[in-house]
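**Q** Quick one: this structure, given as structure tokens, is what I'll be asking you about.
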Amino acid sequence: MKNEIYDIAIAFIMDKDTQADAYISNDDILYTFTKRGLADYPYCLIISATCKAPYKIGTYPKMKYKGHISLQRGTSLNPQHSLLDERTKHEVGSALDKTQCDLKRFITRVRSPKFFKTLDMAEKRITGKIQTTDNSAQLFNIIYRLKENQK
């Protein structure tokens, strides 16, 4: 299922009729790709990451900022509507934290290459640096297959 979420994410990012939005602050990155017309309700792909290195609070272990990709039914960003939900195995915040040394940022990216490829493609889509295509049929088949697997 892990590889499938990345393929689905690329299909959403590359679709010309998908509405793309970005919410970026100093601490967080959130991309949403909303596709309407596949069913009675829209489907939303969410890609998110926190731009901080792990930190330790007192005696607690390090708080790890993992990358997150989720495909949801509807646009409410409600985890209960999630069809697929994937978090990276390793933290990704160090790669996005500009205060970290280049080596640490590089190693962090190497540990989660598919997530960062997807994140980079999402950024290119938002900035208009990527050519889009009509992926409606592919997305419809993906959604239909996911629904069948959940029955």
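**Q** Quantify, in whole percent, the carbon and sulfur part of the accessible surface of the chain (1.4 Å probe; protein heavy atoms only).
**A** Percent of accessible area from carbon and sulfur atoms in the chain: 50.
**Q** Moving to a separate point now. Considering the values [x] 14.0; [y] 10.0; [z] 11.2, which represents mean projected area of the Cα convex hull in nm² as calculated for the structure under consideration?
**A** Structure-derived value, by its label: [y].
**Q** Compare the peptides 31-42, 5-16 by average per-residue count of other Cβ atoms within 10 angstrom and give them in order, highest first.
**A** 5-16, 31-42
**Q** For the chain, modelled as a GNM with alpha-carbon contacts under 10 angstrom, which of Gln80, Gln100, Gln19 fluctuates the most?
**A** Between Gln80, Gln100, Gln19, it is Gln80 that shows the largest mean-square fluctuation.
**Q** Follow-up question, since we're still on this one. Segment 103-151: which chymotrypsin sites (Phe, Trp or Tyr not before Pro) are DSSP loop and have at most 11 other beta-carbon atoms within 10 angstrom?
**A** For chymotrypsin sites (Phe, Trp or Tyr not before Pro) across segment 103-151 that sit outside H, G, I, E and B with at most 11 neighbouring Cβ atoms in 10 Å, the list is empty.
**Q** Just need the relative contact order of the chain here, percent rounded to a whole number, with Cα pairs under 8 Å and 6+ apart.
**A** Worked out over the chain, it gives 25 percent.
**Q** In Å², what does the accessible area per residue of the chain work out to with a 1.4 Å probe?
**A** For the chain, the solvent-accessible area averages 59 Å² per residue.
The values are calculated or read from the model by the stated rules, or taken from the named source; none is laboratory data. Computed from a predicted structure; not experimentally measured. All Cβ positions, even for glycine, are placed from backbone atoms using ideal geometry, and neighbour counts span all protein chains on display. Quick note on the areas: whole protein, heavy atoms, side chains included, nothing else; ligands and nucleic acids left out. Shrake-Rupley method; radii C 1.70, N 1.55, O 1.52, S 1.80 Å.
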